[in-house]
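What follows is a short report on a single structure.
The values are calculated or read from the model by the stated rules, or taken from the named source; none is laboratory data. Note that the coordinates shown come from a computational prediction; the quantities given were computed from them, not determined experimentally. We place every Cβ from the backbone using ideal geometry, glycine too, and count neighbours over all the protein chains shown. These accessible areas exclude ligands, DNA and RNA; they are computed on the full protein's heavy atoms, side chains included. Shrake-Rupley method; radii C 1.70, N 1.55, O 1.52, S 1.80 Å.
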Amino acid sequence: MLNSESILAIQSVRLDHVNNAIILLDQTLIPNETKYLTLTTQEEVWEAIYELRVRGAPAIGIAAGFGLYLAAKNIAANLEPTGAFDVFYTSFQQAKAYLASSRPTAVNLFWALDRLDACAKANAHLPLAEIVSALRLEAQSIRDEDEQVCKSLGEYGLSLLKPQMGLLTHCNAGTLATARYGTATAPMYLGQERGYHFRVFADETRPLLQGGRLTTFELQSAGIDVTLICDNMASIVMKNGWVQAVLVGCDRVAANGDAANKIGTSGVAILAKYYGIPFYVFAPTSTIDLKCATGAEIEIELRNPDEVTKKWYARPMAPEGVNAYNPAFDVTDQHLITAIITENGIAYPPYVETLPAMLR
Ligand code: MRU
């Protein structure tokens, strides 16, 4: 039986560097099974990201960082120890591009791969074995820093909340999606420790049910009062007066504050605006992409229509061959967002002015 301590002790992705493997909790099996996979090749890492065995922007970045490190180690193992950096780097770039093609929206994926790339270049003068060691430390730092980032998001987030509040969240921005604590869930865990007695409503999050399968699993295991609702019930719980704040994660925030997150998030934001409920986006700075001026520049992943019609059902729930549209994310307009919480502080509108200050 899991409890608050054991749910937070779960490592959704970690490196077993002695055995040259990534140990990854298969999130597609939760809540029915807690099974860890052992990944050793870049193809396995690509598949795990694409199939959402590891998902959530920070966890995707962590997995990709470990994946590129393992690829680099394999590349170096097939070259002379004193092999030329250029030869190593050409193959390294190919592995980087391959892993980058696994999913398009969460910028943490590209951010993590770029960090390893910069590390390789900075150490180009060293023997290959030392470059590989530096890459391992960099990949591990991406993971370890995320834990601190989430802690800080929790403190800033909690400062916006009061005991007994009703909170609503969409998708899973929890400990499973990060190194630990989650982003939007971090204040819930902290509040739990400090006796805030929040009541959380978790949107089921069609079509892949990250809220129904993962967020409820996490929060219930931690002893947090959580109630599962279908996505189309958010309006009634808000109208009933049961929600005092909406807390969501994000996959990419543009320079003007537009925020891409799991499909359905922008609808929740519109409802929150209508009912006068603050709408908070939790964004590690690794999720802020100032290169995108607005949300219109964020690529939205389109996924297999089967996920809508049959994925989680024993029998299809739509006629064979029907057209189905399956965008995995949407963009919440910045004017619907009350504040963007980062590990370096809370940004309020106008985001175009306040977000750059968060990226110190
Ligand atoms: O498709 P997913 O499950 O990777 O989508 C995840 C989300 O949209 C999360 O809300 C987001 O990545 C933030 S996770 C801290």
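Miscellaneous remarks
- Label separation (residue 227 vs residue 93): 5.6 nm, computed from points 7 Å beyond Cα along the C-beta direction.
- Residue 275-residue 121 FRET efficiency (beta carbon distance; Förster radius 41 Å; 0.05 resolution): 0.25
- Computed [θ] at 222 nm, helices only, for the chain once each DSSP H run of length n ≥ 4 contributes -39500 (n - 2.57): -12000 deg cm²/dmol
- When both the stretch 299-354 and the stretch 141-205 are represented by their alpha-carbon centers, they are found 19 Å apart.
- Accessible surface of the stretch 4-149, 1.4 Å probe, proportion on carbon and sulfur as whole %: 52
- Packing-based ranking, highest mean first, of 297-310, 219-232 given that Cβ atoms within 10 Å are counted: 219-232, 297-310
- Mean Cβ neighbour count within 10 Å, used as a protection proxy, ranking 351-360, 148-157, 95-104 highest first: 148-157, 95-104, 351-360
- Segment residue 304..residue 159, full-extension length gain: 48.2 nm, with 0.36 nm per residue of separation and the alpha-carbon distance subtracted.
- Selection among 214, 189, 243 by position relative to the dipole of the chain gives 243 as farthest towards the positive end (Cβ unit charges, Cα centre).
- Taking the Cα centre of the chain as reference, the dipole from Cβ charges on Lys and Arg (+1) and Asp and Glu (-1) amounts to some 620 debye.
- Charge dipole of the chain about the Cα centre (unit charges at C-beta), most positive-ward option of 15, 325, 94: 325
- Area of residue 277 that stays accessible when all protein chains are in place (1.4 Å probe, Å², to 10): 20
- Estimated dipole of the stretch 205-360 in Debye, rounded to 20 [Cβ of Lys and Arg +1, of Asp and Glu -1, Cα centre]: 340
- Extension gain from residue 129 to residue 314, taking 0.36 nm per residue of separation minus the Cα-Cα distance: 61.6 nm
- Local electrostatic count at residue 209 - Lys and Arg +1, Asp and Glu -1, tallied over other residues with Cβ under 13 Å: +1
- Distance violations [Cα-Cα > 25 Å] among 73/121; 151/311; 162/239; 73/96; 96/121; 73/262: 151/311; 73/262
- Taking only the Cα atoms of the stretch 153-359, the ratio Rg/Rh comes out at 0.97, with Rh defined as the Kirkwood radius.
- Burial ranking of peptide ranges 81-88, 208-215, 175-182 (average Cβ count within 10 Å, highest at the top): 175-182, 208-215, 81-88
- Summing Cβ point charges (Lys, Arg +1; Asp, Glu -1) relative to the Cα centre of the stretch 1-127 gives a dipole of roughly 220 debye.
- Value of D in µm² per second that Stokes-Einstein yields for the chain, Kirkwood Rh from Cα pairs, at 4 °C (1.567 mPa s): 63
- Based on protein heavy atoms only, the stretch 180-243 ends up with 38 Å² per residue of surface accessible to a 1.4 Å probe.
- For residue 293, the amide hydrogen comes within under 5 Å of the amide hydrogens of 255, counting only partners 5 or more places away or on other chains and with H modelled in the peptide plane.
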